[in-house]
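J.: This structure is in C-alpha cells; I'll ask about it shortly.
The values are calculated or read from the model by the stated rules, or taken from the named source; none is laboratory data. From a predicted model like this one, the values you see are computed outputs, not experimental measurements. In this analysis, Cβ positions are derived from the backbone assuming ideal geometry, glycine residues included, and neighbour counts consider all displayed protein chains.
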Amino acid sequence: MRLISYLTPGYPAALFEALAELIGVDLGFVVDRSGPDPALDPFAAGTADLGWLCSTSFIELTTDRTPSVQQVGVAWVPDDPDAHGQPVYFSDLLVRPGTHAASLDDLAGLRIGCNDPASLSGYHALRIELDRRNHDPDSFAELVMTGGHHHSIDQLLAGEIDAAVIDSIVRTRRARQWPEVAELQIVERLGPWPTQPVVMRADASADEVARIRKQLLEANNHPEIMSLMAESALVGLAATPDDHCAGIRMAMERLSSRLDH
C-alpha cells in the first residue's frame, strides 16, 4: 500500500515517515499542493491507497463525481487551548507587529499571503469568511499564492506581503522555534475547522479501513511518535465521525452557490 502526504513541509516529513513505518506502507510526498488536482486523482488512478490531505480536497474528491476516497476516521488533535482537546484547528490571520489592523475587515486592498488553491486554512477559510461578511472574495484584497505556509510566514517577515493566513498548528510550531514568528500579531482566528483527514481509496473494504484506523490510533502508545507529535504542536491522533468534514462541505457549497450567482 502507498500513502501520499500533501501536508509537508507544513508538517514535518519525519512524522509521516514514522506513521508510515508503523502501519507498514510506502510513503510519498507532494509538496506543492494541499491535495490532489481532481483531474489528476491518484486514488482514482490506483497509484495511491492512502492520503493525508486538506479537508477541502476530500470534498473536491467526493462532490459532483464518483467518490474516489473515503475517510479512515482519524485526524490529529493540536496542542492548542482553543481546540479544547478536539481534532479542530484554525486559520490564523497574521500581520507584522505595529500593523494597524484589528480585524480581517481592516486588510481590504492589501496583499494577503495564501498557501495554495487546495488549502483550507491557507486559502478557502479566508474566502469563506470574506463571503460571510459580505465582502467579495475575489476583489477584497490581493491574494498572493506563496506555495506553502512556511513561505507565507517568510514573505510576511520579509515585508513582501502585508498579511498571511496560516494553519494554526504550523504557526504554533514555528512560533516555538523562531522568536520573530512568535512576535507576529494574530489579527483573527478563522474557524475552528476539522483537522486534516486521513483518506483511503473508495473501493477499500470496511475491514481494510478499520485495520488502518486501529493501527494509526496505536501511534498514541508509541513514545517516539508522540515526541514527533509534540515537536509538531500536536497532542495525538483521535477517532473522528463520518461527519468530520460536513461543516466544510456545507461552507464550500454555500460559497460556490453565492459566487455562481
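J.: Confirm whether Ser139 is more than 30 Å from Ala45 (Cβ to Cβ) and assigned to a loop (DSSP other than H, G, I, E, B).
T.: Details: more than 30 Å from Ala45 (Cβ to Cβ): yes; assigned to a loop (DSSP other than H, G, I, E, B): yes.
Considered against the rule, which asks whether it is more than 30 Å from Ala45 (Cβ to Cβ) and assigned to a loop (DSSP other than H, G, I, E, B), Ser139 comes out as yes.
J.: From the list His151, His124, exactly one residue is in contact with a strand residue (DSSP E or B) (Cβ under 8 Å, 6 or more places away or on another chain) and within 24 Å of Val31 (Cα to Cα). Which is it? Step through it out loud before you land on a result.
T.: Numbers: His124 fails: in contact with a strand residue (DSSP E or B) (Cβ under 8 Å, 6 or more places away or on another chain).
So the residue among His151, His124 that is in contact with a strand residue (DSSP E or B) (Cβ under 8 Å, 6 or more places away or on another chain) and within 24 Å of Val31 (Cα to Cα) is His151.
J.: Turning to a different aspect of this structure: Can you pull out the residues in segment 198-255 that are over 20 Å from the mean Cα position of the chain (by Cα) and closer than 25 Å to Ala45 by Cβ?
T.: If the condition is that a residue be over 20 Å from the mean Cα position of the chain (by Cα) and closer than 25 Å to Ala45 by Cβ, then Ala202, Asp203, Ala204, Ser205, Ala206, Asp207, Glu208, Val209, Ala210, Arg211, Ile212, Gln215 are the ones that fit.
J.: For residues that are under 14 Å from Ala13 (Cβ atoms) and among the hydrophobic types (A, V, I, L, M, F, W, C), tally how many sit in segment 26-41.
T.: Number of matching residues: 4.
J.: Tell me which residues, restricted to segment 182-216, are in a helix (DSSP H, G or I) and either among the charged types (D, E, K, R) or surrounded by fewer than 21 Cβ atoms within 10 Å (Cβ to Cβ) (or both). Talk me through it step by step, then tell me what you get.
T.: Initially, segment 182-216 is screened for residues in a helix (DSSP H, G or I), giving 182, 206-216.
Matches in segment 182-216: Ala182, Ala206, Asp207, Glu208, Val209, Ala210, Arg211, Arg213, Lys214, Gln215.
J.: Among strands (runs of 3 or more DSSP E) lying entirely in segment 7-109, which contain 1 or more residues that are among the acidic types (Asp, Glu)?
T.: Details: elements: 26-29, 50-52, 69-71, 74-78, 88-95.
The qualifying strands (runs of 3 or more DSSP E) are 26-29, 88-95.
J.: In addition: Write out, first by first residue and then by second, each pair whose Cβ atoms fall under 9 Å of each other, whose residues are 6+ apart or on separate chains, and whose first residue, in segment 143-161, is within 18 Å of Thr99 (Cα to Cα) while the second is among the β-branched types (Val, Ile, Thr) and assigned to a helix (DSSP H, G or I).
T.: Ile153/Val170; Ile153/Val181; Leu157/Val181
J.: So is Val198 in contact (Cβ under 8 Å) with a residue 40 or more places away in the chain, of a type outside the set (D, E, K, R) and touching an Asp or Glu at 6+ places or on another chain (Cβ under 9 Å) or not? Show your work before the answer.
T.: Values: in contact (Cβ under 8 Å) with a residue 40 or more places away in the chain: yes; of a type outside the set (D, E, K, R): yes; touching an Asp or Glu at 6+ places or on another chain (Cβ under 9 Å): no.
No, not satisfied.
J.: Would you check if Asp131 is more than 17 Å from Ser55 (Cα to Cα), assigned to a helix (DSSP H, G or I) and not assigned by TED's automatic domain parsing to the domain that holds Arg189?
T.: Details: more than 17 Å from Ser55 (Cα to Cα): yes; assigned to a helix (DSSP H, G or I): yes; not assigned by TED's automatic domain parsing to the domain that holds Arg189: no.
Spelling it out, it is not the case that Asp131 is more than 17 Å from Ser55 (Cα to Cα), assigned to a helix (DSSP H, G or I) and not assigned by TED's automatic domain parsing to the domain that holds Arg189.
J.: Say whether the condition of being basic (Lys, Arg), assigned by TED's automatic domain parsing to the domain that holds Leu156 and touching a Gly at 6+ places or on another chain (Cβ under 9 Å) is met by at least one residue in segment 83-101.
T.: The initial filter retains those residues of segment 83-101 that are basic (Lys, Arg), namely 96.
When the remaining residues are screened for being assigned by TED's automatic domain parsing to the domain that holds Leu156, the result is 96.
The next check asks that each one be touching a Gly at 6+ places or on another chain (Cβ under 9 Å); those that pass are 96.
Yes, some residue in segment 83-101 is basic (Lys, Arg), assigned by TED's automatic domain parsing to the domain that holds Leu156 and touching a Gly at 6+ places or on another chain (Cβ under 9 Å).
J.: Here's another thing I want to ask about it. Given the conditions (1) aliphatic (A, V, I, L, M); (2) without any contact (Cβ under 8 Å) to a residue 24 or more places away in the chain; (3) within 19 Å of Arg249 (Cα to Cα), which single one is not true for Ala39?
T.: (3)
J.: Let me ask something additional. Is one or more of the residues making up segment 157-175 farther than 21 Å from Tyr89 by Cα and in a strand (DSSP E or B)?
T.: Filtering segment 157-175 for residues farther than 21 Å from Tyr89 by Cα gives 157-162.
Now restrict to residues that are in a strand (DSSP E or B): none.
No, because not a single residue in segment 157-175 is farther than 21 Å from Tyr89 by Cα and in a strand (DSSP E or B).
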